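The values are calculated or read from the model by the stated rules, or taken from the named source; none is laboratory data. Just so you know, these numbers come straight off a predicted model, no measurement behind them. Virtual Cβ from ideal backbone geometry, glycine too; neighbours counted across all protein chains shown.
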Amino acid sequence: MNSMTTPAAGARGESFSGLRPTKRRLSHLAAAAALPDEAAWPHLVAAASGADEALAAALEAAADDESATAPGRPGADRLLEWASDLSEDAVARERRLLKAGIARVCGATPGSAGLWNRIADCSPSALRDCALAGRAVLEGRDLEAEFLLKRASPEAGRGDLVATVAHGLRAVLSLSCARGQAAAEAAAAGLALASQGRGLDRWLVRLLAAGQCYAEGPEVALRTLARPGGEPGDQATRLAIGCYRVLAGALGEAAGGLSELVSPQDELVPAVTRSRASLWLALARHLLGDWRAAADLAGSARKVADQGQADALLAILAAHLADWPAASGHLRHASELAAECADGQVLTDLALVTIAHAKGTLAATHPALPRLAETDQAGDAPRKFRALWLPLRTEALIGSGSVTDATAALAELAELAEQVPYLRVAYHRLSGIFAERHRDQEAALRHYAAAAELPAPSLVVPFQIGLREHCHGRLLRELGDQANGRRLIERAQARLLSAGAVAYARRCAADLAGAPGDVPANVPADGGHARAAAMLTERQRSVARLIAAGLTNQEAAARLYISVKTVEYHLSQIYGKLGIKSRRQLSGYRPLP
């Protein structure tokens, strides 16, 4: 037997280092007898005085059977490494060592280099190539992983460990470029083989769910990961469930589960897992309106892993806060790292579109929108994040004036809202805007009112609620219901401010400041201005009111869903009719009589 240089040697002597060898061995055996298996293994290993094939086989069986190692207990990789040290012959020793490396791959934890150095020294074999391919995948060396998998050339025999692992690694490689269907098919092929251990099966199920999330949506992925009887999953599975819940709109449940993975008291959660959980929790908190917590969590995630995605989210938060320098800085960093993964590309495009929307300049011609609507560049990643960008694209298409495109986008949003409840608010708001554009104010009012009456699961995103209240209030005021309109806009302003959407709250303030009845103190009361303003058309009055409230031409164009050139044309007509030459003079007029 080789010397127990790694885990077994570490297990021996830690608990009873001051005792003589015989007494120490007996103490470990006594401790093992008093503890459950998962806690007894280190003591049994420490009590071994040489090769012990029976103990090695028991350790291997325990590693294969583990569904989720208890916190603080040795994982499958550690059990297999100990089993390797206790093996009687070289073949069994290397097989168990290679399985230890594969267990790390299944847990998505590269770990220290010691085990991998031992694996590299093993005899050439297909299983060794698979283990090293797994390490390459974990470290982002996809081309090397593909080469090693091809060299392994496993036969897909039923129950063959090499074939099973190879299918799983092909699923991982497909996921790295967001090819969801290919990933799901590879994972399903691995699962179709005879079980090679619960840890390996659990890994393949996670890969299957990840592929399904890309190709079919998060609801399908969540059904795949559902565990009978509510049995708690391992950390990787809990992280995946939290991600898919965020994308499916189950924000409260997602926040609860992810919070357990980012708890600073839990030192047993690996740094990378904690970082990724922080990123998804940040997105959940952002949608729930807790923008301060979202910024803190995204900042924490940025320090460890997925920095480009964290910067994209920070850019979105900064845009909502109207902190344009910060938004540009984070966007620049996100863009530099976007090529590293398909998800990062999509989130960077989402940040670009969000910044334009927050500034009031988003148009259907924005270059990021076609990338979000297609799958050529980023695989299936846009579909995975569709709940985040589809409302923005729909609003831009409504503003473009294309009835066909806008109608199709609204239908797509309505279908998605059946799966993601909070999108029902966005659907009714955008349907109301669409109706207003086509002068069907009664239909618009029905949509705005319907959004307010949605059940509680749909009313969890303050930002969407605030936007709806603003649109509803503005329409009521245009129809002459000043009191209720003002009340809704004031409520929208307070809600948006609380959620950190300062850029949007400012629009509410502008509407309130420039609304009918809010005449500056220096405006004469002789009625001359009112008579002149009455000469304006309905559209000209809308433009005049917004410009008088301090909005730029671009902001007014976005608000009214017309082009900037159209705003400029209306302003020239307004100035001519009112006999004025500047915005300052316009601010002294009452835009509506």
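The residues on offer are 467, 454, and the sole one that is part of a loop (DSSP other than H, G, I, E, B) and at pLDDT 90 or above is 454. Evaluate the following for residue 62: is it part of a helix (DSSP H, G or I) and either at pLDDT below 85 or surrounded by fewer than 16 Cβ atoms within 10 Å (Cβ to Cβ) (or both)? So residue 62 passes the test. Just to be sure before I move on: is residue 438 surrounded by 22 or more Cβ atoms within 10 Å (Cβ to Cβ) and of a type outside the set (A, V, I, L, M, F, W, C) in the structure I sent? Judged against the criteria, residue 438 is not a match. Scanning region 177-196 for residues that are under 23 Å from the mean Cα position of the chain (by Cα) and either under 12 Å from residue 213 (Cβ atoms) or buried (at least 18 other Cβ atoms within 10 Å of the Cβ) (or both) yields a total of 8. For residue 100, the conditions (1) assigned to a helix (DSSP H, G or I); (2) surrounded by fewer than 23 Cβ atoms within 10 Å (Cβ to Cβ) all hold with the exception of (2). Say whether the condition of being surrounded by fewer than 22 Cβ atoms within 10 Å (Cβ to Cβ), of a type in the set (D, E, K, R) and in contact with an Asp or Glu (Cβ under 7 Å, 6 or more places away or on another chain) is met by at least one residue in region 369-382. Checking region 369-382: at least one residue is surrounded by fewer than 22 Cβ atoms within 10 Å (Cβ to Cβ), of a type in the set (D, E, K, R) and in contact with an Asp or Glu (Cβ under 7 Å, 6 or more places away or on another chain).
Might you let me know whether region 31-54 holds any residue that is within 27 Å of residue 190 (Cα to Cα) and at pLDDT 85 or above? No: zero hits. Looking across 93, 78, one residue alone is under 22 Å from residue 135 (Cβ atoms), at pLDDT 90 or above and not β-branched (Val, Ile, Thr). It is 93.
Just so you know, in region 35-59 the residues that are aliphatic (A, V, I, L, M) and assigned to a loop (DSSP other than H, G, I, E, B) include one that is nearest to residue 100 (Cα to Cα), and it is 51.
For residue 415, indicate whether it is outside the structural domain of residue 331 (by TED's automatic domain parsing), buried (at least 23 other Cβ atoms within 10 Å of the Cβ), out of contact with any Ser or Thr (no Cβ under 6 Å at 6 or more places or on another chain) and part of a helix (DSSP H, G or I). Even if it seems obvious, please write down each step before you answer.
On the way: outside the structural domain of residue 331 (by TED's automatic domain parsing): yes; buried (at least 23 other Cβ atoms within 10 Å of the Cβ): no; out of contact with any Ser or Thr (no Cβ under 6 Å at 6 or more places or on another chain): yes; part of a helix (DSSP H, G or I): yes.
Considered against the rule, which asks whether it is outside the structural domain of residue 331 (by TED's automatic domain parsing), buried (at least 23 other Cβ atoms within 10 Å of the Cβ), out of contact with any Ser or Thr (no Cβ under 6 Å at 6 or more places or on another chain) and part of a helix (DSSP H, G or I), residue 415 comes out as no.
Screening residue 351 with (1) more than 26 Å from residue 552 (Cβ to Cβ); (2) buried (at least 19 other Cβ atoms within 10 Å of the Cβ); (3) aliphatic (A, V, I, L, M); (4) without any contact (Cβ under 8 Å) to a residue 60 or more places away in the chain gives one miss only, at (1). Mind checking whether some residue in region 443-457 is within 18 Å of residue 395 (Cβ to Cβ) and more than 34 Å from the chain's Cα centre (by Cα)? Looking for residues that are within 18 Å of residue 395 (Cβ to Cβ) and more than 34 Å from the chain's Cα centre (by Cα), one finds at least one in region 443-457, hence yes. Whenever a residue of region 558-586 is touching a residue at least 60 places away in the same chain (Cβ under 8 Å) and of a type in the set (Lys, Arg), its partners that are crowded, with 18+ Cβ neighbours inside 10 Å and in a helix (DSSP H, G or I), lying with C-beta atoms within less than 8 angstrom and at least six residues away or across chains, give the pairs 559/507; 559/546. Residues that are surrounded by 19 or more Cβ atoms within 10 Å (Cβ to Cβ), among the hydrophobic types (A, V, I, L, M, F, W, C), closer than 18 Å to residue 550 by Cα and out of contact with any Leu (no Cβ under 6 Å at 6 or more places or on another chain) within region 490-511 comprise 503, 508, listed in sequence order.
Yes/no matrix, rows are residues, columns are (1) in contact with an Asp or Glu (Cβ under 7 Å, 6 or more places away or on another chain); (2) surrounded by 24 or more Cβ atoms within 10 Å (Cβ to Cβ); (3) among the aliphatic types (A, V, I, L, M):
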position	(1), (2), (3)
261	no, no, yes
278	no, yes, no
289	no, no, no
295	no, no, yes
300	no, no, no
322	no, no, yes
326	no, no, yes
335	no, no, no
360	yes, no, no
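The rows are residues; the columns are (1) assigned to a loop (DSSP other than H, G, I, E, B); (2) under 21 Å from residue 552 (Cβ atoms).
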{"position": "277", "(1), (2)": "no, no"}
{"position": "300", "(1), (2)": "no, no"}
{"position": "309", "(1), (2)": "no, no"}
{"position": "313", "(1), (2)": "no, no"}
{"position": "328", "(1), (2)": "no, yes"}
{"position": "344", "(1), (2)": "no, no"}
{"position": "355", "(1), (2)": "no, yes"}
{"position": "361", "(1), (2)": "yes, yes"}
